[in-house]
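Read through the structure below, which is laid out as structure tokens, and then see the notes.
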Amino acid sequence: MAYLDGIGSPSDLKTLKLKELPLLAEEIREEIIAVVSVNGGHLASSLGVVELALALHYIYDTPKDKIIWDVGHQAYAHKLVTGRRERFGTLRREGGISGFPKRSESRYDPFDVGHSSTSISAALGMAVARDMEGEDYKIAAVIGDGSMTAGLAFEGMNQAGHLGRDLVVVLNDNEMSIAANVGALSNYLSRIITGVKAERLRRETEQFLKKLPKVGEQVLKVASKTGERMKGLFTPGMLFEEMGFSYVGPIDGHDIKMLVEALGDARVRKGPVLVHVMTTKGKGYEFAESNPTAFHGTPPFDVESGETAGGGGVSYTGVFGEALVELAREDPSIIAITAAMPEGTGLTKFAKEFPERLFDVGIAEQHALTFSCGLAACGKKPVAAVYSTFMQRAYDQVVHDLCMQNLPVVIAMDRAGVVGEDGETHQGLFDISFMRSVPNLVFMAPKDENELRHMLYTGLKLDCPVALRYPRGKGVGVPLDKGFEELPLGKAEIISEGADLCIIAVGNTVYPALRAAEELSKSGYSAGVINARFIKPIDKDAILAAASGAKRILTVEENVLAGGFGSAVLEALEEAGMTNVPVKRIGVPDAYIEQGTQAQIRKRLGLDAEGILQAAEAFISEKVLAE
């Protein structure tokens, strides 16, 4: 690592000659591949922007100038040249550096990111604050990898064009988001590449006409009078120019010399500028280039073969996808919707078998929900598969478009609860709290992968809004039923009864609760376990019976305690006038949860079997002493 070893900050980068930067780029790719192959992470997206990251730091005076990486899963090269080389091996590990830009981690990270399409709005806010203070630093927002399919990006561009502040937006166009890009904008960007030839023709024609006396001048006058028609014919970046941006590009995103020249020019221009950069996702690693979707967010893998580490058992995501295909074979009204994540949400097989019934709307969760509502209003049975953390982006649609109209849409919320190495931005720890308060919604959580099948079937049978939450990763390994069973609405599963304690657990906390109850029995305590199944409507009868039969109730959930399932249990007891029953809630505190493996985080939060046991023993001992 002859070059990378000498880079401790962007100032070191600027000491290199331009012709040396491609060699540094190769070393950076080697380092990213080596670390991600061990730790897992966002490989293809970061490999695609190595030259862009180097060019930006070569031209911009960071950290005085500010570079905002949209989503942030493209920022590994940025981290390597901004003083984090020595800690790069800790990427995404507990106590290590984040997989995303993070203000508390580095002064070179001006804005925390992790969700899509926020960079332009944040950059514009910084530009306005800069101008109000009379300062002169520069700001660049790097957006792409599908982020331009989200409405927030255009909301930011709309105001940026209106305000006219000095701001550079770098559009990293790799024709991909997590999966292949979709939609009219993607098609437009593809046409821009062809439009470059037209732009070149326009310039050459103008130069030729200027050489012709009188005739050429007359033709140019006519052309200027036709104004917008000529612009629409020849200008490839017309859309962005109409929004008030100067357009530069498209530019080869792997040609550092060209990037440095274009970004240097854009940096000193007045007003908002959009630099259109073409990159190859996964650049420099053949397996990632040929299959960028698989290597977008990858587990550890073998560098030589590109194969990921195997593991027994099926995932919740896989079980959901298979079950949906089975049900769709019998019911042609079932439609699947995804927001740029057909593979991540388990819909790949559905897409192959029913391509006309799978709709990938791009990174646009709000649209995905309202689009689903439109389908439901016309008799279809839409299933919107979205990660829990991204459902936060569509909350108004849940309230206003879905539940207010009581439409039969099933929201399949993957990666609910503890997610792991992606850290604070991706933990699915809020959905119980923000969704259970909405009227008309039926909300379920399976204890295992087999129960997920039955809950999906049940949800499609109900004529109302339904949400399912299930965790990331492998199931518990139970046998899968061949058929489907409709679960009784709002009824919990009473697994066992106890005289000293009743543990009411939600979703994937049920099995750890069972193991804790077994250990309690060895200490002479009688502990019952209830699988809540339904977060809403909550099974009040089961709760009241548990409160009457046991001396105390312990609730367990992978969700924030504020407004969570435990709060619903307290509400049920209060409504029944049983406020004298001691209740303890185990869940997530009022804090954002940092990265680590799922097992590490659950242990940290006391949500594994050992943590539940310790909380139960302390709770029982505390009350026994009081009695």
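Assorted remarks:
- One residue stands out among those in the range 145-175 that are touching a Ser or Thr at 6+ places or on another chain (Cβ under 9 Å) and assigned to a loop (DSSP other than H, G, I, E, B): the one that is farthest from residue 340 (Cα to Cα), which is 174.
- Within the option set 142, 128, being part of a helix (DSSP H, G or I), over 26 Å from residue 308 (Cβ atoms) and among the aliphatic types (A, V, I, L, M) holds for one residue only, 128.
- Residue ID - surrounded by the most Cβ atoms within 10 Å (Cβ to Cβ), chosen from residues in the range 466-482 that are assigned to a loop (DSSP other than H, G, I, E, B) and touching a Phe, Trp or Tyr at 6+ places or on another chain (Cβ under 9 Å): 470
- The one condition in (1) in contact (Cβ under 8 Å) with a residue 60 or more places away in the chain; (2) within 25 Å of the chain's Cα centre (by Cα); (3) farther than 30 Å from residue 382 by Cα that residue 259 fails to fulfil: (2)
- When we screen 15, 62 for residues that are part of a loop (DSSP other than H, G, I, E, B) and more than 26 Å from residue 276 (Cα to Cα), the only hit is 15.
- Taken as a whole, the condition of being out of contact with any Cys (no Cβ under 7 Å at 6 or more places or on another chain) and more than 19 Å from residue 389 (Cβ to Cβ) does not apply to residue 111.
- With a requirement of 2 or more residues that are under 18 Å from residue 611 (Cα atoms) and over 35 Å from the mean Cα position of the chain (by Cα), the strands (runs of 3 or more DSSP E) lying completely within the range 489-552 that satisfy it span 501-505, 527-531.
- Residues of the range 307-340 that turn out to be buried (at least 22 other Cβ atoms within 10 Å of the Cβ), closer than 30 Å to residue 33 by Cβ and in contact with an Asp or Glu (Cβ under 8 Å, 6 or more places away or on another chain), as a count: 5
- Hits in the range 527-570 - residues which are modelled with pLDDT of 95 or more, among the hydroxyl-bearing types (Ser, Thr, Tyr) and over 11 Å from residue 503 (Cα atoms): 567
- Among the residues of the range 84-120, those identified as surrounded by 19 or more Cβ atoms within 10 Å (Cβ to Cβ) and of a type in the set (Ser, Thr, Tyr) are 98, 108, 116, 117, 118, 119.
- Checking 577, 524 one by one, the residue that is loosely packed, with under 15 Cβ neighbours inside 10 Å and closer than 26 Å to residue 443 by Cα is 577 and no other.
- Within the range 258-293, the set of residues being in contact with a Lys or Arg (Cβ under 8 Å, 6 or more places away or on another chain) and not in a loop (DSSP other than H, G, I, E, B) comprises 267, 272, 288, 289.
- Within the range 5-46, tally of residues that are closer than 19 Å to residue 283 by Cα, surrounded by fewer than 19 Cβ atoms within 10 Å (Cβ to Cβ) and touching an Asp or Glu at 6+ places or on another chain (Cβ under 8 Å): 1
- Qualifying residue in the range 155-168 (condition: within 26 Å of residue 44 (Cβ to Cβ) and under 19 Å from the mean Cα position of the chain (by Cα)): no
- For the range 413-448, taking the residues that are hydroxyl-bearing (Ser, Thr, Tyr) and not in a loop (DSSP other than H, G, I, E, B), the one that is farthest from the chain's Cα centre (by Cα) is identified as 433.
- Index of the failed condition, residue 601 passing every other in (1) surrounded by 19 or more Cβ atoms within 10 Å (Cβ to Cβ); (2) in contact with an Asp or Glu (Cβ under 7 Å, 6 or more places away or on another chain): (2)
The values are calculated or read from the model by the stated rules, or taken from the named source; none is laboratory data. In this text the structure is predicted, and so the values were computed from the model without any measurement. Every residue, glycine as well, gets a Cβ built from its backbone with ideal geometry; the counts of neighbours run over all protein chains shown.
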